[in-house]
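This report concerns only the one structure given below.
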Amino acid sequence: MFTINLKRTGFALMVGMLLLSGCRKKDAMEADNLVNFETTAQGITAAETSITIKLSLTRPANADVPITLSLTEQGVQYATDYTTVPATVAGKMELTIPSGSKETSFTLTKVNGALFDGDEKLLFDIYRSGSPVFIGVRQRLTLDFAELIATSSSFTINGGGVLYPNKVFIDLSANREAAVNRSAWDLGFYTGADDYRVILNSSSAMMAKQINKNDLATVTAADTAGFGAEVAFSQFAPTTISLPYIDYPTGNLTRTAIAAVNAVATDNKVYIVNRGFGPGSPSPARGWKKIRVLRNASGGYTLQHADISATVFSSIEIAKDDAYFFKYISFETGAVNVEPQKKKWDFAWTYFSNITNFGSGEVPYLFQDVVLINRNVQVAKVLTASKAFADFSETDIPAQNFLSTQNAIAADWRSGGGPSSAPAVRTDRYYIIKDGDNNYYKLRFTALTSNGERGYPAFEAIWLKKG
């Protein structure tokens with residue numbers, strides 16, 4: 001037999017209930033952290049040997065999060081037709097989202113010599129996630145062993161957060177994105193057979209100014225006097241004098257900061273390049289270079305580059321490749337992969353060297369959340385007042401006015417962001433995208449942020465017409 005002290009027990013229960021209530025109230029203030037596949041469907045084409053598939057959280061994890069995937073095979077067999085990294089064991093794959101991160105990924109590779117008819121599939125399901133992460137609505141991804149022409153797409157773009165560290169390329173028909181750190185490259189070299197053009201990394205606020213010399217060894221710091229203020233972005237006092245030192249934002253290759261590369265070597269001058277800055281708070285300066293670009297004997301480019309005070313320079317050879325619009329280099333690492341092949345992306349989200357007009361003419365100005373279209377893509381804007389998004393169909397396409405300048409969307413999809421208003425998605429418009437294979441999609445942006453953080457915009461796209 002025992003006796004209960006009702007007063008003490010009642011007090012303890014009351015305290016416990018208050019604590020529990022407080023915890024629930026606190027928990028209720030923060031939405032569940034969910035894990036999802038980046039997309040619900042992807043395809044691996046006959047020409048591709050591997051593919052990377054991503055999973056992401058609503059917000060960064062505060063501890064390592066174990067994720068278990070289950071695989072269902074339809075017409076393919078592990079080790080005979082494909083392998084994965086990490087390995088799949090008994091139909092299960094174990095992944096970890098590291099503490100402080102929002103995503104993880106795995107790679108699937110075709111076995112060399114394996115043959116596919118195009119109707120094979122793999123179903124990946126999120127089988128289990130570690131607490132306190134829950135499984136989201138994009139729980140299943142279907143991988144087709146054939147080129148995918150997606151009929152719908154819904155994405156949260158992995159821009160990397162409020163410091164916008166990534167430039168992200170989106171392929172609507174393949175339902176894929178490719179994120180690249182915007183400090184990973186410096187220059188892009190046009191691969192078209194008819195021209196020799198060089199572009200700057202406009203996502204890192206680069207600028208370039210030509211000087212009247214054609215020998216890097218003779219260029220010294222004295223040749224750059226005053227460039228610190230002139231060849232640089234100023235959001236506080238921008239001037240028209242700096243406009244020629246950026247690539248004009250329409251993507252017109254006749255309006256780049258670096259002139260066309262001449263076949264006569266002595267006609268190619270030296271440029272002083274401000275490499276801009278990278279992601280960070282504060283943003284780190286990327287420094288200055290002196291460069292000169294020549295045509296080489298193989299039909300490509302030779303890049304000469306050095307620090308401003310250097311008396312010797314390094315050279316990089318860049319070959320043209322018709323599968324791409326541009327090939328890219330980094331001053332530190334040489335050739336780098338940046339944008340996908342020309343028919344494997346439609347638009348890109350990025351931080352961008354744009355222009356604006358405060359009344360005295362166009363001036364260079366830096367914009368966040370800019371959308372650029374590929375060189376083989378066209379876009380038309382539709383206002384919901386004329387046709388609702390849900391009502392727009394294939395029959396409405398011929399009446400649209402399509403544009404092909406890379407900044408045809410730019411920041412038009414969002415409003416605000418200045419000192420007088422908060423940024424927000426414009427819900428009164430959407431866009432019709434014609435891709436490089438003549439597929440048509442209607443696209444609208446649905447969010448500027450994810451979990452309140454800039455750098456993770458979202459969109460949805462619906463296929464209208466096959467090319």
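Remarks
- All C-alpha to C-alpha distances of region 187-336, sorted into 10 Å bins beginning at zero, yield P(r) values of 11, 42, 37, 10, 0 percent in whole numbers.
- Kirkwood hydrodynamic radius of region 347-465, from the reciprocal of the average inverse Cα-Cα distance over all distinct pairs: 15.3 Å.
- Principal axes of the chain: Cα extent on each, largest first, Å: 103, 60, 53
- Restricting region 233-287 to chymotrypsin sites (Phe, Trp or Tyr not before Pro) in coil, as DSSP defines it, with at most 13 other Cβ within 10 Å: Phe236
- FRET efficiency, Ala319 to Leu403 (Cβ-Cβ, R0 30 Å, nearest 0.05): 0.40
- Neighbour-limited loop hits for chymotrypsin sites (Phe, Trp or Tyr not before Pro), region 395-467 (at most 16 other Cβ within 10 Å; DSSP other than H, G, I, E, B): Phe402
- Using R0 = 41 Å, the C-beta based FRET efficiency linking Asp307 and Asp125 works out to 0.20.
- A Förster distance of 30 Å, applied to the separation of the beta-carbon atoms of Ala263 and Ala146, puts the FRET efficiency at 0.10.
- The chain - percent relative contact order, Cα under 8 Å, separation 6 or more: 14
- Residue-span extension gain [Thr254 to Ala79] - 0.36 nm each, minus C-alpha spacing: 57.9 nm
- Sparse-neighbour loop sites [chymotrypsin sites (Phe, Trp or Tyr not before Pro); region 47-120; at most 16 other C-beta within 10 Å; DSSP]: Phe116
- Database remark: amide H of Gly43 closer than 5 angstrom to the amide H of Asp144, Leu148 (H placed geometrically; neighbours at sequence offset of 5 or more, or on other chains; Pro and chain starts carry no H).
- In this rough spin-label picture, where each label sits 7 Å from Cα along the Cβ direction, the Phe236-Thr52 distance is 3.9 nm.
Throughout, read-outs are computed from the coordinates displayed, never taken from laboratory work. Note that the structure is predicted; figures quoted are calculated from it, not measured. Positions of Cβ are backbone-derived with ideal geometry, glycine not excepted, and every protein chain shown enters the neighbour counts.
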